[in-house]
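Structure first, then comments.
The values are calculated or read from the model by the stated rules, or taken from the named source; none is laboratory data. Please read all numbers here as calculations on a predicted model, not as lab measurements. Glycine gets a Cβ as well: all are built from the backbone with ideal geometry, and neighbour counts include every protein chain shown. The accessibility values were calculated without ligands, DNA or RNA, using every heavy atom of the protein model including side chains. Shrake-Rupley method; radii C 1.70, N 1.55, O 1.52, S 1.80 Å.
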Amino acid sequence: MSQIVDGFNRQVEYLRLSVTDRCDFRCVYCMSEDPEFLAREQVLSLEELSWVAQAFTELGVKKIRLTGGEPLVRTDCDQLVKLLGKLPGLEDLSMTTNGSRLSKLAKPLYDNGLSRLNISLDTLNPTLFTQLTRNGKLDRVIAGIDAAIAAGFNKIKINAVILRGQNDHEVIDLVNFCRERHLDIAFIEEMPLGVMDERKRSRHCSSAEVRQLIEQHYALVPSSKRTGGPAKYFKMADSHIHIGFISPHSNNFCHECNRVRVTVEGRLLLCLGNENSIDLKAIVREFPADIARLKAAILSGIKFKPQSHHFDQQGVQILRFMNATGG
């Protein structure tokens, strides 16, 4: 049982650990077109990331997801996976990636102990893919997905952010792509982070709308599948895959939130939709061998975890882009 319990009696068993704010894409819902990245000295080292992860697992966290930016632009990411895979008590080590580097890295990641992959894929149209990512190549991502399957990963989920008027006409194409490859898929409502001039509210597409599009072709029935994350899953009668919906706007899941994030600059971010955070990097660097002090800071900080996010409040805007947050 986790020792990390917030002020609303929610147990935190899930850490999303960002390893970089950098990415080889510039996705329109994740970062600005010309982002400013952190200087190297501001970023947690491999050892510091491992130390933070150890503190959380010793406090009862059972699940860690590595995020970015794009974690695989960090050249030592496979070594971090190897270190974390040895942590006692850690039951699930996963990663969210854009898939562009999986052709080379899927096998070493699998061999080093990574158990699951979430791969972002918002469109199957090469031209639109390059527009949404601003510079990505669809064929590299498809090759990366196939390399992950070949490497032995049998727990792969595709993540798709659906934007009205841009890729909402491809919902069924994405479902069929996953049916053919026996992959789960989660449709995610766009997170309202960053400068909203670039992220028009009119392009928001709700989970209910996406589900309605799917049910014109496939009947969906609720599934008992649980991953410890926020997705609500459904199944189809003629397929073993799961279809998930993550709905921070239309069906907020704050009452059952069991996760926190640590950004790559070492800030314990207590809620995606709030700015309050705790500086863990200062502790790690001033007291590099004192894990008891680090754990005490986590336990003290968790009491400031808010009851809910502010995405649904008019006029509330979080200026931190997703790449600086950790997915």
What single numbered condition from (1) open to solvent by 40 Å² or more (accessible area, probe 1.4 Å); (2) in contact with a strand residue (DSSP E or B) (Cβ under 7 Å, 6 or more places away or on another chain) fails to hold for Leu66? (1)
Can you confirm whether Asp173 is charged (D, E, K, R) and closer than 15 Å to Asn118 by Cα? no
Residues of the range 3-16 classified as buried (at least 16 other Cβ atoms within 10 Å of the Cβ) and out of contact with any helix residue (DSSP H, G or I) (no Cβ under 6 Å at 6 or more places or on another chain), total: 6
Being open to solvent by 20 Å² or more (accessible area, probe 1.4 Å) and either at pLDDT 95 or above or more than 30 Å from Ala282 (Cβ to Cβ) (or both) is the requirement here; does Asn258 meet it? no
Apart from one, (1) over 24 Å from Gly144 (Cβ atoms); (2) without any contact (Cβ under 8 Å) to a residue 12 or more places away in the chain all hold for Thr75; the odd one out is (1)
Looking only at the range 157-180, filter to residues that are open to solvent by less than 10 Å² (accessible area, probe 1.4 Å) and among the hydrophobic types (A, V, I, L, M, F, W, C); which one of those is farthest from Ser239 (Cα to Cα)? Leu163
Output for the range 116-139, where each listed residue is modelled with pLDDT of 95 or more and within 20 Å of Thr67 (Cα to Cα): Arg116, Leu117, Asn118, Ile119, Ser120, Leu121, Asp122
